[in-house]
Amino acid sequence: MTAETVISCKNAWKIFGADPEKYLRSMPAGHSFDDIRADGYIAGVKDVSIDVTRGEMLVIMGLSGSGKSTLVRCFSRLHDITGGTIAVEGQDLMSLSEKELIELRRNKMGMVFQSFGLLPHRTVLENVAFPLEMRGQDKHARRERALEVVKLVGLEGREEYFPRELSGGQQQRVGIARSLAIEPDIWFLDEPFSALDPLIRREMQDEFLRLQGMLGKTIVFITHDFDEALRLADRIAIMKDGAVEQCDTPDQIVLNPATEYVRKFTEEIDKARVVRAGVLAQGQVMGEGEPVEASASVQDLARLLVQDARAVIPVAQSGKVIGGMDRAAALEILLEAS
């Protein structure tokens, strides 16, 4: 069954400058990022085509200035695109009136940014309920919903605290709870954990994965941390100079980098920790004996790979063998990391 497309971005451009629409119409084909800059313009998003499917977590990453935040702002039309199309659940964003756009954001989209943006004079519960208040929801209904999501993010008992009384990680949980309060179908997160200490950041990633497992949201998550991307992503889009260099699963990004830039981005990554048995499974030869789980990483299977004598090891998913893993190929990935 084909996954449902929630966000469809086709040949999108966002150019900053004096008259970007006129410039884009007259721009020569193949103009590079540097060529555009030399003409006095900046290509924040450069001819990007990407789809996000229902329930997927797409992680967008790149160095500072690569265009990742600009692209996500185009997805929610916080920026109007200069060219191309972006549709959300079949609606062309650029064709929506201001009222329709506000309704789409209020009812379908949640946003969490690096700066927590909490209201200092309001309690945790009041901060979480704030978007429901803006929506005009009944006081008792919004309090009930706010209590529900405060518990969901692990802040039960701190409902009457003020932001100044919370740690950084707790403040971030309030930001997440506030965005969840409106029950968004689509969730945009722009480097939400980058200001946190490493231990708190890891804790927040665990919490985030737990929430995603429970709620199944469609998520676009921005980070510059490749380890974070590998932990969270169904797919990773790597950006450079406003363009997407490669968009693929974490396994394929590290195994088959599409460009030299992506290769350099991933060369320090321990492939054994990322590559899973299911990716190495070949359908032609199934192998014999006890299968391994498709979700197991090469690192997880290290002891088996060293001790097992089988040339091909069966790989199973949901109890069914889907193919055979070449033991020598898996060992090569394992030894590369050592």
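Dipole magnitude for region 272-337: about 100 debye, using +1 per Lys or Arg Cβ and -1 per Asp or Glu Cβ, origin at the Cα centre. Each Lys and Arg Cβ is given +1 and each Asp and Glu Cβ -1; about its Cα centre, region 10-124 then shows a dipole of about 400 debye. No solvent, one uniform scatterer per C-alpha: report log10 I(q)/I(0) for region 272-337 via the Debye equation at q = 0.12 1/Å, two decimals. Log10 of I(q)/I(0), two decimals: -0.23.
Estimated from helices alone, the mean residue ellipticity of the chain at 222 nm is -11000 deg cm²/dmol (sum of -39500 (n - 2.57) over DSSP H runs with n ≥ 4, per residue). Ellipsoid fit via the Cα gyration tensor, the chain: semi-axes of 37, 29, 18 Å, each the root of five times an eigenvalue, largest first. Taking the charge dipole of the chain about its Cα centre, with +1 at Lys and Arg Cβ atoms and -1 at Asp and Glu Cβ atoms, the residue from Ala146, Val52, Gln171 reaching farthest to the positive side is Ala146.
The DSSP beta bridges internal to the chain are antiparallel in roughly 60% of cases.
Can you count the Lys pairs in the chain whose Cα atoms are under 17 Å apart, with each pair 8 or more apart or on different chains? So the count of such lysine pairs works out to 13. Taken about its Cα centre, the chain carries a charge dipole of about 660 debye when Lys and Arg each add +1 at the Cβ and Asp and Glu each add -1 at the Cβ. The packing ranking, built from the mean of other Cβ atoms within 10 Å per residue, places the peptides 235-242, 143-150, 270-277 in the order 235-242, 270-277, 143-150, highest first. Sorted fewest first by neighbouring Cβ atoms within 10 angstrom, Ile36, Ile269 come out as Ile269, Ile36. Distant-in-sequence amide contacts of Met111, defined by a placed amide H-H separation under 5 Å and a gap of 5 or more residues or a different chain, comprise Phe188.
Coordinate-derived values only; no laboratory data. Quantities reported herein were computed from a predicted structural model and do not represent experimental measurements. Cβ atoms come from the backbone with ideal geometry, glycine included; neighbour counts cover every protein chain shown.
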